[in-house]
């Protein structure tokens, strides 16, 4: 079974950037050899409200869904970018409420299964 290199980043929500407290809300995974780029997100409103009772849940949900849309068949303004370019753009450092953590790498024979595993381990803990 062939295993290929993949890269991933955790998508985080930091409701009060100045405090630095965060919750993991998704995973972005890119596997260049397999032509695979996908994001999976899920916001836990109760956990978010524990950090910021006044957080804009709807706005944060929209920002999170933008990661999924950017990986799909109709990526909007990223339509002309190859998958690797999209991944780099999505993981670029930013100081907003929704951002990615550092990029990590691994080996996988199945990026779909690996995304599900990482999501369960890093977001649904």
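The values are calculated or read from the model by the stated rules, or taken from the named source; none is laboratory data. Being a predicted model, the structure only gives us computed values, none of them experimental. Quick reminder, even Gly has a Cβ in these numbers, built from the backbone with ideal geometry, and neighbours come from all protein chains shown.
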Selection from the stretch 58-81 of residues that are over 12 Å from the mean Cα position of the chain (by Cα) and not in a loop (DSSP other than H, G, I, E, B): 58, 59, 60, 61, 62, 76, 77, 78
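Matching residues to (1) surrounded by 11 or more Cβ atoms within 10 Å (Cβ to Cβ); (2) modelled with pLDDT under 90:
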{"residue": "61", "(1), (2)": "yes, no"}
{"residue": "65", "(1), (2)": "yes, no"}
{"residue": "78", "(1), (2)": "yes, yes"}
{"residue": "90", "(1), (2)": "yes, no"}
{"residue": "95", "(1), (2)": "no, yes"}
{"residue": "114", "(1), (2)": "yes, no"}
{"residue": "118", "(1), (2)": "yes, no"}
Could you tell me whether the stretch 82-103 includes any residue that is farther than 20 Å from residue 14 by Cα and part of a loop (DSSP other than H, G, I, E, B)? yes
Tally the residues that are over 11 Å from the mean Cα position of the chain (by Cα), surrounded by 14 or more Cβ atoms within 10 Å (Cβ to Cβ) and part of a strand (DSSP E or B), restricting the search to the stretch 3-22. 3
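Just to check your reading of the model, which residue among 50, 46, 55, 25 is in contact with a helix residue (DSSP H, G or I) (Cβ under 7 Å, 6 or more places away or on another chain) and either in a loop (DSSP other than H, G, I, E, B) or over 16 Å from residue 9 (Cα atoms) (or both)? Spell out the reasoning first.
Working: 50 fails: in contact with a helix residue (DSSP H, G or I) (Cβ under 7 Å, 6 or more places away or on another chain); 46 fails: in contact with a helix residue (DSSP H, G or I) (Cβ under 7 Å, 6 or more places away or on another chain); 25 fails: either in a loop (DSSP other than H, G, I, E, B) or over 16 Å from residue 9 (Cα atoms) (or both).
Criteria check complete, one pass: 55.
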Is one or more of the residues making up the stretch 11-23 closer than 20 Å to residue 124 by Cβ, free of Cβ contacts under 8 Å to residues at least 40 places away in the same chain and touching a strand residue (DSSP E or B) at 6+ places or on another chain (Cβ under 9 Å)? yes
